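The values are calculated or read from the model by the stated rules, or taken from the named source; none is laboratory data. Predicted model, so just to flag it, every value in this text is computed and none were measured. Cβ placement follows ideal geometry from the backbone for every residue including glycine, while neighbour counts extend to all protein chains displayed. SASA here: full protein model, heavy atoms, side chains in, ligands and nucleic acids out. Shrake-Rupley method; radii C 1.70, N 1.55, O 1.52, S 1.80 Å.
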Amino acid sequence: METTLSFRLFTSTSELPNDWDSLASANIFLSKAYLKILETAAPENMTCHFIGLFKDEKLLGIALSQFLDLSQVNSYGERDNCAKTSIRKFIFKNFSSKVLIIGNNMFTGQNALAFDTDLPYADGLKLLKKASVEIEKKLREKGISTHITVFKDFEKEDAKHFKLSEFDEFYQFSTQPNMVFTIRENWKDAADYINALNKKYRDQYKRARKKSESLIKKKLSLEEIQKQERAIYDLYYCVAKNAPFNTFYLPEHHFSNFKLHLKDNFLFYGYFEGEKMIGFNTLIKNGDAVDTYFLGYDENHQKEKMLYLNMLYDMVCHSINKGFKQIIFARTALEIKSSVGAIPEKMYGFIKHHNSFINLFISRIFGYLEPELAWKERNPFK
């Protein structure tokens, strides 16, 4: 008897199959608990679909899609206001601002999909391509045209699977790398990490720690996060508005929703000068890895206390002490993350513009819209 492969689209976690989490066991960002956060506290300009892939009635694959209307945000931030940025903004808003992503635009790495071993990778991708077309159709029915479809953040080995006729019109691209910190097996505590640094970077570590001696670092509970919600948002926005490129802004209740649904897998650390919170960072436990998430700080204290660098050191030391194997530092502030020991890892995506003429030039257009970035890789170890 012939088996039938199919997909189903879901917009609520209450609709998901009972065995969904069995396929999400290796990645918290595909779990029902995390998807519930997207359902209740996603950015305003984001619409999510959860995709189930089936062989007959058996669930063999899961995936996440996010539709982003970038015309609703000032994507290029407040920092750069030159003529080139103005042209970029015009092109972006009119031709590239309605983006369907198969994957997760809020994290770096392969958080798009998980397949059972009984589902060949090629078959799974073909189904996801059909699912993306169906999502585009559903958006059109609501009067929303998609400019671009992107399959996001695949490592080199996984990217090879996209050599299918279904993806002939897609352009393979690579943007800023994912900064990954690998914890050495012989590091049992933070002291082992500090001893492994060369003199220049050990001195940097000592100098940063001395600058932050007056600060109190505290892990916040759900109730404490809710109490500080407005202050947290202000600190987050202070950092976000100065980013070279933004695709969304978080809602104010985002972090409390994270804590509510992920519980002990979501860590929120506040940095206090007396009673006043002047910064925070967040971590997410994901198997034997830790993903860094958003942070925020008061700009004045950041310089004076070397706050951002101290946060990076805190993340490294915490992860070593707790026995994790990797820290996913994502793709911002590459040089300073490199200075604490993170190494760039290339990620690949696949992009298609829905205007067939524009799609002929997508590689050039993509290069123009991508903010320029020059940075120097550091090696802090002996």
Counting only DSSP beta bridges fully inside the range 179-345, the antiparallel percentage to nearest 5 is 90 percent
Rounded to the nearest 10 degrees, what's the angle between the helix 199-211 long axis and the longest principal axis of the chain, both from Cα atoms, 0 to 90?
80 degrees
Expressed as an acute angle from 0 to 90° and rounded to the nearest 10, what is the orientation of the C-alpha long axis of helix 83-95 relative to the principal long axis of the chain?
40 degrees
With the charge dipole of the range 179-345 built from beta-carbon charges (+1 for Lys and Arg, -1 for Asp and Glu) about the Cα centre, the Cα from Phe258, Phe272, Gln228 projecting farthest to the positive end belongs to Phe272
Considering only protein heavy atoms, what is the solvent-accessible area of Lys138 at a probe of 1.4 Å, reported in Å² to the nearest 10?
80 Å²
Among Ala208, Ala240, Leu283, pick out the residue whose Cα is farthest towards the positive end of the charge dipole of the range 179-345, where Lys and Arg carry +1 and Asp and Glu carry -1 on C-beta, about the Cα centre.
Ala208
Between Lys325, Lys129, Lys303, find the one with the highest GNM mean-square fluctuation for the chain; connect C-alpha pairs within less than 10 Å.
Lys303
Determine the dipole magnitude for the chain: charges of +1 sit on the beta-carbon of Lys and Arg, -1 on that of Asp and Glu, nothing else is charged, the reference point is the Cα centre, and the result goes in debye to the nearest 20.
1300 debye
In degrees between 0 and 90, to the nearest 10, how far off the longest principal axis of the chain does helix 32-41 point, with axes built from Cα atoms?
80 degrees
Tell me, what is the 1.4 Å probe accessible area of His354, in Å² to the nearest 10?
70 Å²
Only Cα pairs within less than 10 Å get springs; with that Gaussian network setup on the chain, which residue of Ser22, Ser71, Ser212 has the largest fluctuation?
Ser22
Theoretical ellipticity at 222 nm over the chain - DSSP helices of four or more residues, -39500 (n - 2.57) apiece, nearest 500:
-10500 deg cm²/dmol
